[in-house]
Each structure stands twice: as structure tokens, then as C-alpha cells.
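A short worksheet on the structure shown next.
The values are calculated or read from the model by the stated rules, or taken from the named source; none is laboratory data. Here the structure is a predicted model, which means the values were calculated and not measured. Note that each Cβ is placed from the backbone with ideal geometry, even for glycine, and that neighbours are counted across all protein chains shown. Just the protein is used for accessible areas: all its heavy atoms, side chains included, with ligands, DNA and RNA removed. Shrake-Rupley method; radii C 1.70, N 1.55, O 1.52, S 1.80 Å.
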Amino acid sequence: THLQAGGIEMDLLRREVRREGRPVALQPREFRLLEELLRNAGAVVTRTMLLERVWDFHFDPQTKIVETHMSRLRAKLNDGFAEDAIETVRGAGYRIRTT
């Protein structure tokens, strides 16, 4: 019911997210996206994995849906912080920073 990594805390029951103690307001899809990254903290989560787990797509919709939502999530998480909470691993996917 509680996920945590890299200064980000997520309460799944209350549907609340905090970074370094500051509340972060997220839309439902952004919340699910962050949840997947936190559940796999330290590991690379591929675009295909996110499409399947967050959108329930079992095919590539040939859109930038993951990138668009990731950009919005990053903007909200990084507001007021110097370091990006989410790392892009070129050619592989995304990973939540654990340090």
C-alpha cells in the first residue's frame, strides 16, 4: 500500500504522492505510470511494459502516448527540484532514480 524510491513516496490507498515531503498532484494515468516505475525501482521499465500495464494495450498504437504522459509526469515531479526523478535509458525505457 506504500511505495518509496529516490525521495518519492506513494500511498496507494490515499492516492497521494510526495517528493521530498512535498505533495505532487497527479492525474489517474500519471499515478499509474509512476506506480509502475516505483514497483520496479532501479530496474528499466520498457515502453511496451508501460503500454501493457498502464494502458492495457497488447499492441503498439503507433503514438507517442507514453512519451507524452511521461513528460507531464516529469514536469510535475521535478517542479522545484534540480534533478530529474526519472531517468531515460536510451533504447531501453525508463527508470526511477533511486539515489
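Given axes a ≥ b ≥ c from the Cα gyration tensor, I'd like to know whether the stretch 35-78 is rounded (a/c under 1.5), prolate (a/b larger than b/c) or oblate. Since a/c reaches 1.5 but b/c is at least a/b, the shape of the stretch 35-78 is classed as oblate.
Subtracting the Cα-Cα distance of residue 56 and residue 22 from 0.36 nm times their residue separation leaves 9.2 nm of extension gain. Of the solvent-accessible surface of the chain, computed with a 1.4 Å probe and all protein chains present, 46% belongs to carbon and sulfur. In terms of overall dimensions, the chain has a Cα radius of gyration and Dmax of 12.7, 37 angstrom. In a simple Cβ point-charge model (Lys, Arg +1; Asp, Glu -1; nothing else charged), the stretch 38-99 has a dipole of about 40 debye relative to its Cα centre.
Can you give me the relative contact order of the chain as a percent, contacts being Cα pairs under 8 Å and 6 or more apart? Don't jump to the answer; show the numbers that get you there.
Working: 131 pairs, mean separation 30.5, N = 99.
Across the chain, relative contact order equals 31 percent.
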